[in-house]
Amino acid sequence: MTSRGDSRLTSLLLNFYTTPRLGQERLSDGGGPFGFDITTAFQIDYLIELYECDGIVETGAHMGDTTAYLARQYSHLPILSCDIVDYYVRFTQQRLANLGNATVLQGDSAFVLPDLLQGLKRPLVYLDAHWQDQWPLRDELAAVKSGVVAVDDFDIGHSRFGFDHYDGEECGPRLLAKALPDADEVFVGNPYASYPAPCLQTGRRSGTGYLARTLDTGPLARSNLFVRVPLRPAITMPSWGSAGLRLSRPPVEVSSR
């Protein structure tokens with residue numbers, strides 16, 4: 001890795017591990033950026049760099065752990081978030097008051113998301129508003145017309161990684177196939193890829209699904225950080241027992257500005 005690459009990696013690790021885990025009071029994973037899973041941070045960072053994203057949009061700010069990390073790590077980009085709970089919005093706004101690139105709005109993400117996306121052409125959209133009684137995911141997906149979408153708490157078919165259920169419906173490929181008739185594939189984070197640092201989360205880890213909406217899927221398909229899951233004509237989940245075979249491709253450098 002080049003000296004510039006070393007600097008980017010140092011920045012990512014520093015910002016990730018020095019962001020206080022204030023969500024630990026209510027969250028089963030103990031809080032922290034991306035549920036304290038550094039591999040998700042590497043995946044997100046790779047996509048922001050390769051797709052040249054012009055902003056980052058998050059739904060479900062909670063106590064602002066992920067929002068604070070994103071605002072620090074990507075100070076050159078607008079970071080736009082929301083939460084339906086007024087207390088979390090006010091708390092996160094105060095937490096990020098000294099970071100001029102962060103905006104947090106109060107409201108149902110299904111209605112607020114179009115406002116957050118306004119003016120962005122290639123956003124990274126992190127959908128994490130999944131724990132209220134009303135599940136907004138279908139409406140959120142419909143609102144993102146263009147950009148890279150990351151769906152948290154997603155079923156990747158691996159027993160180590162949790163995912164959400166709502167009224168008997170799983171947060172996973174089958175839901176995407178129903179919600180997005182034009183989507184033929186989703187990519188999931190690969191826990192067996194060669195990451196620059198190990199994951200220190202010993203508690204709950206959740207899977208993440210990735211979509212490129214009206215964008216080339218090449219960056220996702222070419223990187224061993226992700227594994228393709230076809231949605232049509234039939235869904236085929238990864239066979240993680242043979243995942244090591246997928247690492248025959250040259251490793252992709254994880255980048256961070």
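Data for the structure
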| quantity | calculated |
| --- | --- |
| Test for Pro181: is it free of Cβ contacts under 8 Å to residues at least 12 places away in the same chain, of a type outside the set (D, E, K, R) and loosely packed, with under 15 Cβ neighbours inside 10 Å | yes |
| Hits in the stretch 1-21 (condition: modelled with pLDDT under 95 and surrounded by fewer than 17 Cβ atoms within 10 Å (Cβ to Cβ)) | Met1, Thr2, Ser3, Arg4, Gly5, Asp6, Ser7 |
| Neighbours by Cβ (under 6 Å, 6+ apart or cross-chain): first from the stretch 195-211, part of a loop (DSSP other than H, G, I, E, B); second surrounded by fewer than 24 Cβ atoms within 10 Å (Cβ to Cβ) and among the aliphatic types (A, V, I, L, M) | Pro196/Leu9; Ala197/Ile38; Cys199/Ile38 |
| Where Thr19 falls short, out of the listed (1) in contact with a helix residue (DSSP H, G or I) (Cβ under 6 Å, 6 or more places away or on another chain); (2) under 18 Å from Asp152 (Cα atoms); (3) assigned to a loop (DSSP other than H, G, I, E, B) | (2) |
| Residues being open to solvent by less than 10 Å² (accessible area, probe 1.4 Å) and without any contact (Cβ under 8 Å) to a residue 40 or more places away in the chain - total across the stretch 154-172 | 1 |
| Residue within the stretch 40-56 that is closer than 19 Å to Gly203 by Cα and either in contact with a helix residue (DSSP H, G or I) (Cβ under 6 Å, 6 or more places away or on another chain) or in a loop (DSSP other than H, G, I, E, B) (or both) present | yes |
| Residue within the stretch 40-49 that is farther than 20 Å from Pro198 by Cβ and among the β-branched types (Val, Ile, Thr) present | yes |
| Residues located in the stretch 22-39, provided they are of a type in the set (Gly, Ala, Ser), assigned to a helix (DSSP H, G or I) and either at pLDDT 95 or above or open to solvent by 10 Å² or more (accessible area, probe 1.4 Å) (or both) | Gly35 |
| Residue in the stretch 157-176 that is at pLDDT below 95, part of a helix (DSSP H, G or I) and of a type in the set (Gly, Ala, Ser) present | no |
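The values are calculated or read from the model by the stated rules, or taken from the named source; none is laboratory data. Keep in mind it's a predicted model, so treat the numbers as computed, not measured. Methodologically, a virtual Cβ is constructed for each residue, glycine included, from the backbone with ideal geometry; neighbour enumeration extends over all protein chains shown. Heads up: the accessible areas ignore ligands, DNA and RNA and are worked out on the full protein's heavy atoms, side chains in. Shrake-Rupley method; radii C 1.70, N 1.55, O 1.52, S 1.80 Å.
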